[in-house]
Amino acid sequence: MNKDKTESDQIILATGGYDHTIKLWQTHTGICQRTMQHGESQINALKITPDKKHLTTASYQHIYMYDLTSNNQNAIINYEGTSKNVTCVGFNADGRWMYSGGEDGRARIWDIRSRNNSSCPKIFEVQAPITCICLHPNQVELFMGDQNGVIYRWDLRTNTFEELIPEPDAMILDLDIDATCNYMASVNNKGRCYIWSLEYGSTDTPTNLQPKHKFEAHKKHALKCNFSPNSEYLITTSADQTAKIWSVPNFTLLQELKQDSQRWVWDAAFSADSQYVFTASSDCYARLWNVNTGVMERHYAGHQKAVTALALMDVAAS
Amino acid sequence: MALYDNKYWLLSHIRNSFITTDDTGLCELVMMGDTKDIKKHILSQETYSEPEGSEDDEDELEPQSYDIETEFEFGRERSNTAVQLEKFENKKKLHRIKHIKWEMDKSLPENYFDDLFVKRDVRGIKVETKTSMVSEVIQKYTNLPVNPFIDYAKFDGSGQVNIPTRKYKIFLTMLPESLSNYPIGICCIASAKVEELIGLILLQLSLNHPDVPIKSTNHYGLYITEEDGEVDSDFPCLSAKECIAKFSFNCLGLVEHKDTRTVTFDNSVMIAGNSHENNLRKKAIRDSKLEEKRKLQNMKLIDVHNKAMEAPLYQSYRVYKMLNRVRGKVEIHLGISGEKIEIDPIQQKNSKFPNLSKQKAISHHMDTIAWCEITDVKNSKTCFKIVYSLTFGGSVPNTADNSFGSYSFSPVLQTSASFKHYEFETDNSTALDIVQKINSILELRSSSSRKEYIAAKERKNYKRKSFNLSKK
């Protein structure tokens, strides 16, 4: 039993949403292990720091950081100074800095390890609310999508940027780059998914993007797109009450994850070996699906309102 | 005590006693000024101090008790503990949340960014192919029976911020005494029903005490309980379908019902346990379910049998007799026995039209009754009708309600010229009882009026069918 405990302790599954709480779950039993309070606002996005010690929430005007190692119900750090909703947040690989994007049209870099805690060295402004940010695995290029339908590539080293407009009059709702850096995917509010193939650029040459594919993923808003860690699958979630898994590189439909009661599917996260996927939806449940069979294997009950954000930290089994 | 001959010390002692025992603080105000003088005098009394006791004396030669902190303020200073606590509290508040404001720092060294943003070579990144922890745990516990109370987690109110919740102390009477003496804390959302609160408690119980056998929620009741855990058996348990917000008791006891009406089993459902026993457990659960089904079926049969046996015994029901549309309905006693059916009016006291609703007693011999059935089921009411024959058996109903008698004999004759019917309305279970009872009696007697009614009905059906056919 003791061994099991340590095993399951290594997995962190966090969900949050409109009920102003964050819940941590034991994945195999579906039991909620801990509830944290997020009093002032809904949760737009959740991220676990690379060192697994903190959980970060993007919310209205603030980014909060919670301590995962203690039993503190409340946030321990409050990053403030943004004027509207923070829509996305993330970290570089070694957890030294944090990036955030928000409806105020600004992407910010926060130096979270600096001694005086106030040095926040970079900012990037666009014309419309930023909906999503994705950090290229090379750690220096940020890709951002906004509500005007523009995708920006911002090089943090050279401070240069370029713009892409895949489809006029459509909001970019999410972006992702796969772990092997071969593809970038973006989804928009018309349910379409665009794929680019990426070409590596050495030291100061930017990554080159080549449009590769475009397909109708969903009938309504597509909300999230995520590549699996093994780069074999792409999951898209949508307002059409489904999540769909597409096989890479052909982007043919592999599984449609659907339940009658499931409403909007807001977020999704693959297990580290890409065999399972967690989803969060408006019917107050998070769910676990088997990627190969498309069967729902667990559900996580406890939220009082829509679950809009989900974060998973999974490790390779020893 | 040696110091008692030091008059200054004595003076100081008396002053201290005054100051510390006076809650108004006035003594302190009056006496505060000349502490210094006393101190000087005490310290000058070298002659009284003995060499070996000198160390102790130094401590005691303070002019004033440590309880008094001299500050020239009105009122007394609060105790040290309170001050300490407040400091601690403030410190905690400060440390509780760290605020970091977004600011552009222009004074950064030039190589700062080079250090912060280091480009990684992404060529030849290898993907992880090992089984992950999530897969391992999920596959390992595929056969783990799912905790049947897991969905009650929805009603857990702990940690909820913006919705009303209720906190309870729950005593679990089914646990061994050492554990059932102490309540567990349960926080439930205020909109939950009592049975959902029971489910939430059972979920907690199944997690904390996996060895305790747990039955389904309807085997348990929540009772009002004293703070010391004594269950108050004078009151019934909280009604399972009610919202918990209706009850204001915070201390409740969960009791397993030993009621005979709820079927109990020896091999009850086990929720969680060691994985190697899972298959055995699953079988046990399946078996107990089958047994439950069988027992329920048996009970149903016994029930039907009992009802048939009891049918000819006289029983009286209070129901509404439906009159015409204008006059609505009137409450009557419906007496049913193996021999006859009696309709006795109940005196209406507050009726606006005492004459209109006045009803006479009616009695029908059972042989004249032809049919009884439920006609309409509404939310809480059920309508049923009793069809009787005018010609059979010779016992013409002895009604004498001249003015409106014809109405009460139902102007609509759907079946045959020689049959009329009454319509009644009552709550669902009573209606079911009555109809079952009458039908059991009718089946036993199988009178000729019943036969004719059924025959007439069939003829009518046949006619309707043949009419439909010819139409085609």
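The values are calculated or read from the model by the stated rules, or taken from the named source; none is laboratory data. Remember, it's a predicted structure, so these values are computed and weren't measured experimentally. Using ideal geometry, Cβ is built from the backbone for each residue, glycine included, and neighbour counts are taken over all protein chains shown. Just the protein is used for accessible areas: all its heavy atoms, side chains included, with ligands, DNA and RNA removed. Shrake-Rupley method; radii C 1.70, N 1.55, O 1.52, S 1.80 Å.
Couple of notes before you dig in:
- Of the cross-linked pairs A:23/B:130; B:154/B:241; A:23/A:305; B:293/B:437; A:190/A:212, those separated by over 24 Å at the C-alpha level are A:23/B:130; B:293/B:437.
- Surface share of carbon and sulfur [accessible, 1.4 angstrom probe, percent] for region A:40-179: 42
- Residue of A:293, A:27, A:57 that the Gaussian network model of chain A assigns the largest fluctuation, springs spanning Cα pairs under 10 Å: A:293
- Set A:84/B:193; A:122/B:98; B:167/B:258 screened for pairs whose C-alpha atoms are more than 29 Å apart: A:84/B:193
- Close amide-amide hydrogen proximity is noted between residue A:285 and A:307, each under 5 Å apart and 5 or more residues distant or on a separate chain (H modeled in the peptide plane; Pro and chain starts excluded).
- Between A and B, roughly 6000 Å² of accessible area is buried in total, ligands, DNA and RNA not counted and the probe set to 1.4 Å.
- List of region A:140-160 residues, accessible area with partners at least 10 Å² below that of the chain alone (1.4 Å probe): A:140, A:156, A:157
- A cut-off of 5 Å between modelled amide H atoms, ignoring neighbours fewer than 5 places along the same chain, links residue A:243 with A:257.
- Shown in residue order for region A:65-79 are the 3J(HN,Hα) couplings computed by the Karplus curve 6.51 cos²θ - 1.76 cosθ + 1.60 at θ = phi - 60°: 10, 10, 8, 7, 8, 9, 9, 5, 6, 10, 5, 9, 10, 10, 8 Hz (x for Gly and Pro).
- Alpha carbon centroid spacing (whole Å) that separates region A:242-264 from region A:194-238: 16
- For chain A, the calculated P(r) over all alpha carbon pairs, in 20 Å bins from 0 to the bin holding the longest distance, is 34, 61, 5 percent.
- Inter-chain Cβ neighbour average for residues A:295-303, partner chain, 10 Å: 4
- Whole-angstrom gap from region A:119-142 to region A:303-318, using each part's C-alpha centre: 24
- Accessible-area value, residue A:215, 1.4 Å probe, nucleic acids and ligands omitted, Å²: 20
- For residue A:76, residues with placed amide H under 5 Å, excluding near neighbours: A:65, A:66, A:67
- Computed 3J(HN,Hα) for region A:302-311, one whole-Hz value per residue from the Karplus formula 6.51 cos²θ - 1.76 cosθ + 1.60 where θ = phi - 60°, is x, 6, 8, 9, 3, 9, 10, 9, 8, 9, glycine and proline marked x.
- Under the combined filter of DSSP loop state and at most 10 neighbouring Cβ atoms within 10 Å, region B:183-259 retains these trypsin sites (Lys or Arg not before Pro): B:241, B:258.
- Between region B:289-308 and region B:154-204, the C-alpha centres lie 35 angstrom from each other.
- Remark: spin-label model distance residue B:218-residue A:256 equals 3.8 nm, labels positioned 7 Å along the Cα→Cβ axis.
- 1.4 Å probe accessible area per residue over region B:113-182, in Å²: 58
- 1.4 Å probe, heavy atoms, protein only - residues of region A:251-282 losing at least 30 Å² accessible area vs chain alone: A:273, A:276
- Inter-site label distance for residue B:246 and residue B:103 at 7 Å from Cα along Cβ, in nm: 5.9
- Selected from A:60, A:18, A:200 as most flexible by GNM, with chain A as the system and alpha-carbon contacts under 10 Å: A:200
- Residues of region B:121-149 that bury at least 50 Å² of accessible area when the other protein chains are present, relative to the chain alone (probe 1.4 Å, heavy atoms, ligands and nucleic acids excluded): B:122, B:125, B:127, B:128, B:132, B:133, B:134, B:137, B:138, B:141.
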